[in-house]
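Structure first, then comments.
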Amino acid sequence: LSEFEEKGDKRRVAVIEPMRGGMGAMKGQDGVDARDTSLNNMRNHPVETVENEMGLVVRRYDVRIDSGGAGKWRGGVGQILEFEVLRDGGKVLSRGMERLRFPAYGVGGGKPGERMRAILNQGRKNEEELVKFDQLEVNAGDTVSFLMAGGGGYGDPFERDCEAVCQDVEMSFVSRARARIDYGVVISDSGALDVAATKRLRARRAKDNIHADFDFGPEREAWERVFDDDTMCDLNRRLLALPKSVRQDKRRWIIEQAAPDPPIAGAGSLTVVLADADAARRRLARAMAQAFGPEQSP
């Protein structure tokens, strides 16, 4: 939602566009592209109407190539929305900036989708990767780019129908480079399928890196090695014994002790902070003992 100062004390407020990511794939069906079913009471606004009513120009409004997780059934791709501000004194209000940290996971050999990104002045010297924000102050000449997250894939990508991959490339859902890397499908510059090269590439592929169940992506996997289900259940059980007014602050402090100086979502990766999982778990145990005291036997 974008807000711009008008003459006098008035402000003009308008919704530029709902942020739509891709939906996850399911067995037998690709994910829906650039669609969010939770926004069933909102529709996209014609670009011409938005530009006419607000002090901005929409520079890009497209699908985000390669954002859907690879799979036998592909995850849905997200959208790209980029606009340039034409007047000073504006504010951009953003809601629903999800999947900045952890991508939508892949299932049964499928790969995770791409995480969401938000970028101020992309491609310029003053480019800035944005974190999750409530309000962003902008002025004339600034550009804001939202790259929405993609859905997770389902099934082994090397089992995807080659013609379906070719169609994905033709529709700009998948690039030729990623078709080769993720799907083992070789497509010429003219868009034709190279059958012989595809057979050779798929035959050489090693399957030792395929996740039989879920592929959460490296950052989520680094997190789970420290904050696994048993640990989080124990932490939540102890927090429930505390007054409601202190639970959230206590939980935040404990996690910050285990993962000191964590990067803000969208501005870095937890894989570096949690690279030594054993050390992080020791820090977590010390923090919980300090916060709750020794565990009492029932």
#### Entry: FRET efficiency for residue 125 and residue 51, using Cβ-Cβ distance with R0 set to 25 Å, rounded to 0.05
0.40
### Query
Under a 5 Å amide H to amide H cut-off, with H placed in plane at 1.01 Å, what residues pair with residue 142 once short-range neighbours are removed?
85
### Message
In whole Hz and in residue order, list the ³J(HN,Hα) couplings for the range 280-294 that follow from phi through the Karplus curve 6.51 cos²θ - 1.76 cosθ + 1.60, θ = phi - 60°; x for Gly and Pro.
### Response
5, 5, 5, 5, 5, 4, 5, 5, 5, 5, 5, 6, 10, x, x
### Message
For a protection proxy built on the mean count of beta-carbon atoms within 10 angstrom, sort 124-135, 156-167 highest first, please.
### Response
156-167, 124-135
#### Entry: Considering only the chain, percent of DSSP beta bridges that pair antiparallel, nearest 5
95
### Task
Rank 68, 109, 90 by mean-square fluctuation in a GNM of the chain with C-alpha springs under 10 angstrom and give only the top-ranked residue.
90
### Message
What FRET efficiency comes out for residue 255 versus residue 135 if R0 is 30 angstrom and r is the Cβ-Cβ distance? Round to the nearest 0.05.
### Response
0.70
### Query
How would you classify the chain from its alpha-carbon gyration tensor, with a ≥ b ≥ c the square roots of the eigenvalues: rounded for a/c under 1.5, else prolate if a/b is greater than b/c, otherwise oblate?
oblate
### Query
Measuring from label point to label point, each 7 Å out along Cα→Cβ, what is the residue 279 to residue 202 span in nm?
4.5
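From the helices alone, meaning DSSP H stretches of at least four residues, give me the mean residue ellipticity at 222 nm for the chain, per-run term -39500 (n - 2.57), in deg cm²/dmol to the nearest 500. Don't skip to the answer; put the middle values down first.
Details: 9 runs with 90 residues, N = 298.
After summing the helix terms and dividing by the residues of the chain, the value is -9000 deg cm²/dmol.
So how do 145-153, 112-120 stack up, highest first, on mean other-Cβ count within 10 Å?
So the peptides 145-153, 112-120, ranked by packing, come out 145-153, 112-120.
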#### Entry: Between the range 71-95 and the range 221-298, the Cα center-to-center distance that results, in Å
33
### Label-point separation, residue 14 to residue 190 (7 Å along Cα→Cβ), nm
4.6
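Every read-out reported here was derived from the displayed coordinates using simple, explicitly stated rules and does not represent laboratory data. Nothing here was measured: the structure is a model prediction, and the numbers come from that model. Please note: Cβ atoms are built from the backbone with ideal geometry, for glycine as well, and neighbour counts cover all protein chains shown.
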